[in-house]
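See structure below.
The values are calculated or read from the model by the stated rules, or taken from the named source; none is laboratory data. Predicted, not measured: the structure shown is a model, and the values here were computed from it. FYI the Cβ positions are ideal-geometry reconstructions off the backbone, even for glycines, and counts take in every protein chain you see.
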Amino acid sequence: MSKPNLVLFEDNERLRQSLELLLTDMSGFELVGSYGDFTLLDEVFGKTSPNLAMLDIDMPGMTGIAAVKIIKERCPLCRVMMFTVFDDDERIFQSICNGADGYILKNTSPLKIIKALQELSEGGTPMSPFIAQKIFQHFRQSSKASDHNLTLREQDILKLLVNGHSYKMIAADCHITLDTVKKHLKNIYTKLHVNCGTEAVAKALRDRIVPI
């Protein structure tokens, strides 16, 4: 039975070399490529069909988040795992939405990295415990937002309001007009059965309607 082929993308040369040694010594995988950026991405996935890919997010040029989407388009059966220092909600969910199959942090021990790759190759979705916790928290909060029939845009605006953004700041962050912000907020107040922004923030915090 042939070993699963694995490609690695990591811009930190010292870390990449350490991972190369770790993965080369593994009997269960064959490291077929190791790269410091995504310059050769089309070539790698156009000419070959790796079974597994391990990607850093913060790479020079194209980010790992953008690369996931391209990899899945070129090679849909390739299983992709993000390997990064980033544990913020936005990067986690952007990666998953773009097709990432796993997400582990760089403070993961070598043994657990190996186990995560084995799980990935078997069709699993390996995640660092902290990341898994964030995923479950997100779904719980999304469910609560759905209970109030808040759209995704309304959830974003409510979150910004909770975080202390002014109407003008919300408009700038969401790339919409001030009038549009006011219309969304009016809809939010109606759905939450509140009369003003202060009451909306209080209810969002009390009921954990949006991630804080």
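Restricting attention to segment 108-130, the residues that are touching a residue at least 12 places away in the same chain (Cβ under 8 Å) and either at negative phi or not assigned by TED's automatic domain parsing to the domain that holds Ser49 (or both) add up to 16. Pick out the one residue from Arg79, Arg91, Arg74 that is in contact with a helix residue (DSSP H, G or I) (Cβ under 8 Å, 6 or more places away or on another chain), crowded, with 22+ Cβ neighbours inside 10 Å and basic (Lys, Arg). Being in contact with a helix residue (DSSP H, G or I) (Cβ under 8 Å, 6 or more places away or on another chain), crowded, with 22+ Cβ neighbours inside 10 Å and basic (Lys, Arg) holds for just one of Arg79, Arg91, Arg74, which is Arg79. Restricting to segment 176-207, name every residue that is surrounded by fewer than 16 Cβ atoms within 10 Å (Cβ to Cβ), assigned to a loop (DSSP other than H, G, I, E, B) and either modelled with pLDDT of 90 or more or in contact with a helix residue (DSSP H, G or I) (Cβ under 6 Å, 6 or more places away or on another chain) (or both). Selection gives Ile176, Thr177.
Restricting attention to segment 1-33 and to residues that are exposed (fewer than 13 other Cβ atoms within 10 Å of the Cβ) and in a helix (DSSP H, G or I), the residue that is modelled with the lowest pLDDT turns out to be Thr24. For segment 34-53, a tally of residues being part of a loop (DSSP other than H, G, I, E, B) and of a type outside the set (Gly, Ala, Ser) returns 7.
Residues in segment 132-175 that are surrounded by fewer than 16 Cβ atoms within 10 Å (Cβ to Cβ), closer than 22 Å to Cys97 by Cα and either among the β-branched types (Val, Ile, Thr) or modelled with pLDDT of 85 or more (or both): Thr151, Arg153, Asp173, His175.
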